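Participant: I am attaching a structure below and will ask some questions about it afterwards.
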Amino acid sequence: MRAWQIAEHLARDHEVKLLTTSPRCQLTSDRFHVSSAGRSVITEAEAWCDVMVLQGYVTTQQPVLEKSSKITVFDVYDPLHLETLAFASGISPDVRLENVQLSITTLNHQLARADFLICASERQRDFYLGQLAALGRLNVTTYDHDPSLRQLIDVVPFGLPDNDPQHSRHVLRGVVPGIDDGDQLILWAGGIYNWLDPITLIRAIGRLSRQHPKVRLYFMGLQHPNPSVPRMSVALAAKKKAAEMSLLDKHVFFNNSWVDYADRQNYLLEADIGVICHFANAESRFAFRTRTLDYLWSCLPVVSTEGDYFSELIDKEHLGISVPAEDPSTLAEALGELLDDQETAQSCRERARVVREQYRWDTVLQPLINFCKDPQHAVDFNEPTNRAPVAASTRMSLDRAIRLSRHYYRSGGLMEVLKRVADKAVRASHERT
């Protein structure tokens, strides 16, 4: 979604190629080139372009991008290392260590090499400035060139469509068995991931249903849209908890698949409240929850766990209520308050109509658009600190390698083991060069 919108807006003034390393590429555009790309296609694109906008682990997988001298923008709106720490909790310690180390090494290379960086919030920017300082990027050259350091890293949050959502068909009320027109509908937009806390919410719904027998909670996605991503353990635990509390298909409902991105507004516009729950950890503090942005787009009153970027925005702009983490009682009270007090709920909707304007894609993408109008290498591009980032070695003991191989064999068979070995070989070659 984010890469597509970046391509869409940059294509107004530039030739753009949008590439994915995934073999699944079904979308097309008449404004820019879109395709799935293997190593040869990426090599051709690197030679063709003037500016590369990269995100994720693509540089660890594609040596030509890692070694490129082209002007490079890294999109670090997703703090890889923090997400991996949360995502990989509960799995084999060796596998978790390997994944976390890969995310740290990848991000350090990106921050050390970038000509320009974009992140999702001022909070994230402060976080990355600390990491950039540790890598030597906050140096005499970059500081004297721009003391604000906005020319090195600026804020480009996730955005909202320029058009407002329109309800085009019924998807929940009168369609899902057990959800009727007169019910009070609470929506959990997006998937259920290990760094989120649906269990506290389900417990809160159990409490709330005693005074509000018509309350209904709907989870929009139980299965990740990418079939390669397995169902999260917390998703299975959430459905189990709802069944144990006799709430499943009575007060708590799950979409076992996924809602199409272009259809999500129909679900949002049928709801009374949007909700998001997470834990009080580092991942939450620096996350930028796009589902909460969708609540803003559809002018839904929001109940959110406190501690992240959007909970501060909710409190500041009076968009809903924020509550402490893992507190089902307070969460139930907040949900009940917005369900009962229609005057407050309407006030939240009216404030959302104002606040959402600052998150339109045309607005949030301006720092990147401005950079691409006059792209230049970072002023310290040729300095040693920008070419030799601090990165821990990915070498491992034979015992640990055997344990990892066993884990990957159990999870995906011999082909998964071979894929991991190949990826490791590529990363090792990067370290040597």
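The values are calculated or read from the model by the stated rules, or taken from the named source; none is laboratory data. Everything numeric in this text was worked out from a predicted model, so none of it was measured. Cβ sites come from the backbone with ideal geometry, for glycine too, and all protein chains shown count toward neighbours.
Participant: Can you tell me which residue is nearest to Pro375 (Cα to Cα) among those in segment 166-186 that are crowded, with 17+ Cβ neighbours inside 10 Å and in contact with a Leu (Cβ under 6 Å, 6 or more places away or on another chain)?
Facilitator: Among those that are crowded, with 17+ Cβ neighbours inside 10 Å and in contact with a Leu (Cβ under 6 Å, 6 or more places away or on another chain), it is Ile186.
Participant: Taking Glu44 and the conditions (1) in contact with a helix residue (DSSP H, G or I) (Cβ under 6 Å, 6 or more places away or on another chain); (2) assigned to a helix (DSSP H, G or I), which numbered condition does it fall short on, given that it satisfies the others?
Facilitator: Unmet condition: (1).
Participant: Arg203 versus (1) surrounded by 19 or more Cβ atoms within 10 Å (Cβ to Cβ); (2) touching a Leu at 6+ places or on another chain (Cβ under 6 Å); (3) farther than 20 Å from Asp308 by Cβ: which is the lone unmet condition?
Facilitator: Failed condition: (2).
Participant: Still on this structure: So, Asn139, is that one modelled with pLDDT of 95 or more and among the polar types (S, T, N, Q) or not? If you could, list the steps in order and put the result at the bottom.
Facilitator: Numbers: modelled with pLDDT of 95 or more: yes; among the polar types (S, T, N, Q): yes.
Yes: the conditions hold for Asn139.
Participant: Within segment 255-326, considering only helices (runs of 4 or more DSSP H) that don't extend past its boundaries, which have at least 2 residues that are among the polar types (S, T, N, Q) and out of contact with any strand residue (DSSP E or B) (no Cβ under 7 Å at 6 or more places or on another chain)?
Facilitator: Qualifying helices (runs of 4 or more DSSP H): 264-268.
Participant: So in segment 117-159, with the set limited to residues that are of a type in the set (D, E, K, R) and assigned to a loop (DSSP other than H, G, I, E, B), which one is surrounded by the most Cβ atoms within 10 Å (Cβ to Cβ)?
Facilitator: Arg137
Participant: Just to check your reading of the model, which residue among Ala47, Ala7, Ala11 is at pLDDT 95 or above, more than 23 Å from the chain's Cα centre (by Cα) and over 26 Å from Asn382 (Cβ atoms)?
Facilitator: Among Ala47, Ala7, Ala11, only Ala11 is at pLDDT 95 or above, more than 23 Å from the chain's Cα centre (by Cα) and over 26 Å from Asn382 (Cβ atoms).
Participant: Of all residues in segment 334-351, which are assigned to a helix (DSSP H, G or I) and surrounded by fewer than 17 Cβ atoms within 10 Å (Cβ to Cβ)?
Facilitator: Once the filter is applied, which keeps residues that are assigned to a helix (DSSP H, G or I) and surrounded by fewer than 17 Cβ atoms within 10 Å (Cβ to Cβ), segment 334-351 yields Glu337, Asp340, Gln342, Glu343, Thr344, Gln346, Ser347, Arg349, Glu350.
Participant: Further, regarding this structure: Among the residues of segment 143-151, is there at least one that is touching a Phe, Trp or Tyr at 6+ places or on another chain (Cβ under 9 Å) and under 24 Å from Cys277 (Cα atoms)?
Facilitator: Checked against the condition, which is being touching a Phe, Trp or Tyr at 6+ places or on another chain (Cβ under 9 Å) and under 24 Å from Cys277 (Cα atoms), segment 143-151 yields no hits at all.
Participant: If you check every pair at least six apart or on different chains, which have Cβ atoms under 7 Å apart with a residue in segment 363-383 that is farther than 14 Å from Asp146 by Cα first and a residue that is among the small types (Gly, Ala, Ser) second?
Facilitator: Val364/Gly159; Leu365/Gly159
Participant: Please work out which one of (1) surrounded by fewer than 17 Cβ atoms within 10 Å (Cβ to Cβ); (2) under 14 Å from Ile186 (Cα atoms); (3) of a type in the set (Phe, Trp, Tyr) is the condition Tyr267 fails and give its number.
Facilitator: Unmet for Tyr267, out of (1) surrounded by fewer than 17 Cβ atoms within 10 Å (Cβ to Cβ); (2) under 14 Å from Ile186 (Cα atoms); (3) of a type in the set (Phe, Trp, Tyr): (1).
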